[in-house]
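Each value in this text was obtained by applying a stated rule to the coordinates, not by laboratory testing. The structure displayed is predicted, hence computed values, not measured ones. Every residue, glycine among them, receives a Cβ derived from its backbone with ideal geometry; neighbour counts consider all protein chains shown.
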Amino acid sequence: MNSGVFVGQGRYELLACLGRGGAGAAFRARDRGVPFEREVCIKRLHGRALQGQAAALREEARLLARVRHANVVSLLEVGEDERGAPFLVLELIRGCNLRELTSRTRAPLPVLVAIHVACGVARALAAVQTALPGLVHRDVTPHNVLVSTEGEVKLADFGIALARDRERSTGPSIVKGKLGYMAPEQIRGEALDPRCDLFALGVLLYELLAGVRPCAPRQGLDEVRAVAEGAMVALSERRPGLPRELLCAVDRLLAIRRESRCPSAEDALRWLAPFGAGDLGSLRLASILRTMDDSGSWLPLESSASSPTCAPLSKRGASQG
């Protein structure tokens, strides 16, 4: 899109579309309302979605405003556009999401990098539980985990998160989430607790280490049935040589019965952190992203259709904005 479109009484200039969904779109924008200009992400609704989704966007803002953590995408402001509809101003991440990263590496990630990412997500979930006890994200997937050229890991998109104080209005029987990352109890439409996000973390970590999800090559409803039945391929078969304790930690995250699963994000972090190496995982992740940028393998900024708060790295020689 061309620049020159403004929202928020002219404060934010929309520069490029980062992604579109059924209810709204996200834009790279220039914030002119601070002493020094900065780039941010604007998340706003489509006109046809205003009536049904405005309350949901405000609820996402309510949740994000309560969580301040380095591993959670920051809410900077909530505004109102010329239609009277809310929009969110979020920090802009220079990098990509995990799905884009793994689709371009086309191989399992180095163990240090996979552990760094998983620990970042675990820290984000722990911060959420501290600020909002009982909240369930329900969409911990590669598309909603952003990684930056600085080696940062950020959990994004609380659009379908279920807060305990709003559970009655949402209804525990409504199944929301992405197939392949949903816990068995989520698939069955049962009342949820934060352990379903830990199951999704287990799937994500397995995928980073093995290159595929636990029930691959099954997909769609076949994959859902396999998850519900516990028909998962052992990680040791997909990637031999991993430490036995790490395999056990992944198994605990992927336990079919939530009572047998890792009880909290803090526990998950304690289990996984020993397999990292301090800042080395972050440095290695940053190196991978920068190497891919130098190779020119990224799509142009305007072509990205995912990662609503993430500005993909531009092709070599193009403007970084």
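In table form, for the structure just shown:
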item: Taking all pairs of distinct alpha-carbon atoms in region 5-93, Kirkwood radius in angstrom; result: 13.2
item: Which of VAL212, VAL72, VAL121, VAL113 has the fewest Cβ neighbours within 10 Å, and the rest in rising order; result: VAL212, VAL72, VAL113, VAL121
item: Gyration tensor (Cα) of region 94-280, equivalent ellipsoid semi-axes in angstrom; result: 24, 19, 16
item: Residue exposure sequence - GLU39, GLU223 - by fewest surrounding Cβ within 10 Å; result: GLU39, GLU223
item: Order of HIS116, HIS69 under a 10 Å beta carbon neighbour criterion, fewest first; result: HIS69, HIS116
item: DSSP-assigned coil residues among GluC sites (Glu not before Pro) in region 60-149, each with at most 16 further Cβ atoms within 10 Å; result: GLU82
item: If the convex hull is drawn through the Cα atoms of region 174-266, its volume per residue in Å³; result: 90
